[in-house]
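Each value in this text was obtained by applying a stated rule to the coordinates, not by laboratory testing. In this text the structure is predicted, and so the values were computed from the model without any measurement. Neighbour counts are summed over all protein chains in view; Cβ atoms, including those assigned to glycine, are modelled from backbone coordinates with ideal geometry.
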Amino acid sequence: MEKKNITIYVKVWRQEDANTKGRFQTYTVEDVNPDMSFLEMLDVLNENLIKNDDIPIEFDNDCREGICGMCGVVINGTAHGPKSGTTTCEVRMRQFKDGQTILVEPWRARPFPVIKDLVVDRTAFDRIMSKGGYISVRTGGVPEARSILVPKENADQAMDMAACIGCGACVAACPNASAALFVGAKVSHLGLLPQGRPEAKRRVDRMVVQMDEEGFGACSNHGECEAVCPKEISITAIARMRREFLKAAVG
Amino acid sequence: MRFSMSLFSSIGKKLFMGLSGLMLSGFIVVHLLGNLALLNPDRDPFNKYAHFLTHGLGNAIYVAEFLLAAIFIIHIVYAVAVTWGNWMARPVGYAKVTNAGGTSRKSIASTTMIYGGVLIAIFTVMHLYHFKFGEVIMYTTKDGQQIRDLYAVVYQFFGNIWNTVFYIVVMLILGFHLSHGVWSAFQSLGLNGRRFTPFIQGFGYVFAVIMGVGFIGLPFYIYFLTGGAQ
Amino acid sequence: MKLDSKVPSGPLAEKWDKHRFDMKVVNPKNKRKFTIIVVGTGLAGASAAASLGELGYKVKNFCIQDSPRRAHSIAAQGGINAAKNYQNDGDSIWRLFYDTIKGGDYRAREANVYRLAQVSNNIIDQAVAQGVPFAREYGGLFANRSFGGALVSRTFYARGQTGQQLLLGAYSALMRQVDEGRVDLYPRREMVDLVLIDGKARGIITRNLVTGEYESHVGDAVVLGTGGYGTAYYLSTLAVNSNASAVWRAHKKGALFGNPCYVQIHPTCIPRSGDYQSKLTLMSESLRNDGRVWVPKKAGDKRHPNDIPEEERDYYLERKYPTFGNMVPRDVASRNAKAVCDEGRGVGETGLAVYLDFRDAIKDFGRKTIEERYGNLFDMYKEITDEDAYEVPMRIYPAVHYTMGGLWVDYNLMSTIPGLHVIGEANFSDHGANRLGASALMQGLSDGYFVLPYTIGNYLGGTELPKVSEDHEAFKEASNEAKARYDKLLSIKGNKTVKEFHKELGEILWNKVGMARNEKGLKEALEMIPKLREEFWQNVKVAGRPDSLNKNLEFAGRVADYMELAELMAKDALHRTESCGGHFREESQTEEGEALRDDENFSYVAAWEFKKLGEWELHKEPLVFENVTPTQRSYK
């Protein structure tokens, strides 16, 4: 039952703003309870920094239960840390050893510029979404819910795809900084439902153009995205997007 | 998007790379089959086959060569464009990258496609220089035809240890390239399915091994088993 | 000030239709001349901004996160209610209305709750058309479930992510309007003040959280959909950035605050494990369907739970409530957990937890069945606590989850400041004193999609709104005030961090304005909070610069506001000497220790008007029940 507290060395990326060069700095955090979450460990570190008149480390986070998609850093070279199917806020300190040095880096991609320290700007995702990540319906002007039948299999698959929380780990982990899994998940979610079919072509077309304009890389099927995705979205999404794209291109 | 523009999108580029890659895979299968004739101690079948390709098809061979070259070039140009874009997409790299493991298919092969590809492209030019545009030794077949003895050129070439080692190394790289390239091509074409994808991934490996072993087999056979003697 | 609820006349079922007809309609050509400011992008904010944009208004939409999709609505797991009666189990608009108003312990307006039940069906239609992947059966129709003790299966769900999926639906509608140029998005902005001109809400001041700049935004109406104030307690199930600052700024500018003491405390959360804890994680209350809640009979029993024999366990919910047992409503379950812990019978290292035991369920149904039902929750529990709930009973403890109180609004969702509309959890809402499970999503979307877009037109169409610009004196003044406030926070350079103050405040609230309140404790709280506030403004230590991303500074501003709101919560709790819903006054209970309502004296909404710091005036909006008869809840 009794667990021993541990000491952790955190080597973390510090960067004043987008235009300043960053660097790594190492901090010591003592007396870390293994039941702590990774972010709570950073909280403790920040409290120490504040008390010592230092500047706390900025990192994005919000719900702290793995659903809002706000948090996300690369821990020891892996987006969202070593455990699969989790977000950064779900990483627990018991995954690390006493005396271990943890390397913490922000998401790195041209379309995700660093705002400060570990905080990056992910509005590129919103811009992609604005180009077609929706079904064009007006409030109120919709059919009775029951009139749209959706085969269970499609509903389940669409749900698998819709589980994306937009955290950007796919981009961070991709050797090419590609956003294919994110866009693929969205295209697949809506494309798998009968409601989404009427504008399927327009959707994939416009979203892909925007994705390219943002400067994401191309997917070369490494599959790192799937492995780090906290919602374990399969790269089937990317293949489906490509099929939709091909259909749109020739049709 | 206009159709012509979609060819230059990140997905369009990969579509073309996948498609051209599969075509090139088809080409090397034919090439490998042709190579088998070199294992025959009788040089005539191989030389006749080579002669047929260069002289027996009329102008069709120029069309075929042109198409093959075009596919090659599309594959290379798009590869360079895609890779350049990918490099640009991450101006500041990570201090440390750990492979995520699990379902990831990231491998040495998948991360070195461009390097392997460049080597193979250089190799291809050399290969053409060695053989297609190499020394022309004429001889008379048993049935009295006066044709080029490409068989002899090949045997001479692989009588040299360095040539042999070089070819074996490049063919190893080709195998690597294919081990990621084949299934990846299908994925790039959007051909993915619960049952199909595991199959094609397995097939890709088997294909890569067959091609690798097949192409390595010939220089290996010539140098180590025949010593280059014909 | 006379509170006018503006509830239309006529029979309950016809009020909303009649009202929609009676309201002014803005000429479509004129709509684009109106700018509406919507603060918040949760279910309420995003659905409102999208719908208003569609109608042709110019909308400016603000959120503190990097993307509108991250609002905390996203965390709702269970589902959303609607009176569709797809399961043919006798549900109806009337039944949903009745359950909701009864669940709220008769402290909500009949007309509002009825309207909520009416539009609940439209919400499902809307969400389905947007592509929300609700669970389906093999025939392609909907799978529904019963939730939170409801007797009918009216809850629609999308795996454990109903909130996220509904929010993505609203967000996608919003992004469509962004693309069409009707909505301008302003992420990473915090509203730091409301601007009034001629007594009407005409704009807001925001702080750009990246650059630290103060920005003025002019509008013809302002809509707040900024959520609840549960993080006042420091530890809660809310997102760590959730805050009440926008609402509080509006309150200080004249918007009355309704029922601040109504706080919902959810019974099945993972207990805190240490001082470092930053938030509490909720586990679906469906766990109580199969788990049995118990504590040792002896106080201070430190044995391993599996070593405590059956006869030494107290299954207190089953003992006290033989009919409902472990399924009693949230407030009853929470209160009883606190009571046994107060007796020293709590478990775990802190003594602040009770067991939720699946041993018998596993014995009865087999481990496989339990895995199928709750596998993901058991995994999550293991992830956080490092304990295997299949082998050792889960430990649970209540946590602050939702605030029923909020800015007072009339039937049109307008606050006492003309032009300031408040939607979703931010208003004092349709949930009365207690919210039922799967009702929060319903209310947020009802306000945003189907109520506000109509009622705001009535305001805009019937109000004279002269043109104003950002150069107006009122904007400059508000902007300077806001800047001064943040600069002050940075300049104090004291000895205690923001977090330390926040924790201290949370402790006071949790202990004295928490699950069970009494006069003595509330009076103590009313002494402690102002003292703490004073200390805060003298001794807080805020790090960093004003002109860059500085979360510590953001938090300081929010905690500063909580220091004031907390006092009002205690004040409201003190004045309401009855027990109702989420508000349990120890002085007002039945002989069996159950909550005792006092309809004679407290059948009203308490709406507080801010006079000056520490001083409020109470206004009462009487609650009239013409269609239902308030009864005492009993779960025996």
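Report, in degrees rounded to the nearest 10, the 0 to 90 angle that the Cα long axis of helix C:110-130 makes with the longest principal axis of chain C. Taking Cα atoms only, the helix is inclined about 90 degrees. Prolate is the label for region C:474-607, because the ratio a/c of its alpha-carbon gyration tensor axes (a ≥ b ≥ c) is 1.5 or higher and a/b is greater than b/c. When both region B:64-100 and region A:173-194 are represented by their alpha-carbon centers, they are found 21 Å apart.
Shielding by partners for peptide C:557-568, expressed as the average number of C-beta atoms from other protein chains within 10 Å of each residue's C-beta, is 0.
For the protein assembly as shown, the residue among B:ALA60, C:THR206, C:HIS619 whose Cα projects farthest onto the positive side of the dipole built from Cβ charges is B:ALA60.
Give me the inter-chain shielding for A:122-129: mean count of other chain Cβ atoms within 10 Å, whole number please.
Shielding by partners across A:122-129 averages 5.
Couplings 3J(HN,Hα) of region C:508-516, computed from phi: 4, 4, 5, 6, 10, 10, x, 6, 9 Hz, in residue order, whole Hz [Karplus 6.51 cos²θ - 1.76 cosθ + 1.60, θ = phi - 60°; x for Gly and Pro].
Cβ crowding within 10 Å, taken as a proxy for footprinting-reagent exposure, orders C:ASP66, C:ASP447, A:ASP98, C:ASP307 from fewest neighbours to most as C:ASP307, A:ASP98, C:ASP66, C:ASP447.
Between B:ALA152 and B:VAL169, residue separation times 0.36 nm minus the direct Cα-Cα distance comes to 3.9 nm. Couplings 3J(HN,Hα) for region C:397-412, derived from phi with the Karplus relation 6.51 cos²θ - 1.76 cosθ + 1.60 (θ = phi - 60°), are 8, x, 8, 4, 10, 7, 10, 6, x, x, 5, 5, 9, 8, 4, 8 Hz, where x marks Gly and Pro. Using alpha carbons only, the radius of gyration of chain C set against its Kirkwood radius gives Rg/Rh = 0.95. Neighbour counts of C-beta atoms inside 10 Å place C:SER415, B:SER184 in the sequence B:SER184, C:SER415, starting with the fewest. Placing R0 at 56 angstrom, the Cβ-Cβ distance between C:GLU387 and B:PHE203 gives a FRET efficiency of 0.80 after rounding to 0.05. Highest mean packing first, where packing is the average number of other Cβ atoms within 10 Å per residue, the peptides C:517-527, A:84-94 line up as A:84-94, C:517-527. Grouping the Cα pair distances of the protein assembly as shown into 20 Å bins from zero gives a pair-distance distribution of 12, 39, 31, 12, 6, 1, 0 percent in increasing distance order. If the viscosity is 1.306 mPa s and the temperature 10 °C, what translational diffusion coefficient in µm²/s does Stokes-Einstein give for chain B when Rh comes from Kirkwood over Cα pairs? Answer from the Stokes-Einstein relation: 80 µm²/s. Label-to-label distance, C:GLU535 versus C:GLU343, with points set 7 angstrom from Cα along the beta-carbon direction: 3.4 nm.
Using only the Cα atoms of region C:315-450, build the gyration tensor, take square roots of its eigenvalues as a ≥ b ≥ c, and label the shape rounded, prolate or oblate: rounded if a/c is under 1.5, else prolate if a/b is larger than b/c, else oblate. Prolate shape, in that a/c is at least 1.5 and a/b is the bigger ratio.
Roughly how far apart, in whole Å, are the Cα centres of region C:386-450 and region B:170-189? Region C:386-450 and region B:170-189 have Cα centres separated by 54 Å. In this model, which of C:LYS102/C:LYS200; C:LYS503/C:LYS531; A:LYS3/A:LYS83; C:LYS2/C:LYS102; C:LYS488/C:LYS612 are farther than 25 Å apart at the alpha-carbon? Correct reply: C:LYS102/C:LYS200; C:LYS2/C:LYS102. Dipole size of the protein assembly as shown about its Cα centre, with +1 on Lys/Arg Cβ and -1 on Asp/Glu Cβ: approximately 2500 debye, rounded to the nearest 20.
Ordering B:TYR115, C:TYR98, C:TYR157 from the fewest to the most neighbouring beta carbons within 10 Å gives B:TYR115, C:TYR98, C:TYR157. Based on alpha-carbon centroids, what's the gap between region C:296-317 and region A:18-49 in Å, whole number please? Here the answer is 40 Å between Cα centres. In terms of its Cα atoms, region A:164-251 spans 33, 24, 18 Å along the principal axes, sorted from long to short.
Sparsely packed loop sites in region B:1-108 (the trypsin sites (Lys or Arg not before Pro) outside DSSP H, G, I, E and B with at most 15 other Cβ atoms within 10 Å) comprise B:ARG2, B:LYS96. Within the set of other residues whose C-beta is less than 15 Å from the C-beta of A:THR26, count the net charge using Lys and Arg as +1 and Asp and Glu as -1. Summing Lys and Arg as +1 and Asp and Glu as -1 gives 0. Look at the stretch C:238-250: the mean tally of other chain Cβ atoms within 10 Å of its residues' Cβ atoms is 2. Per-residue packing, averaged as other Cβ atoms within 10 Å, sorts the ranges C:241-247, C:135-141 into the order C:241-247, C:135-141, beginning with the highest.
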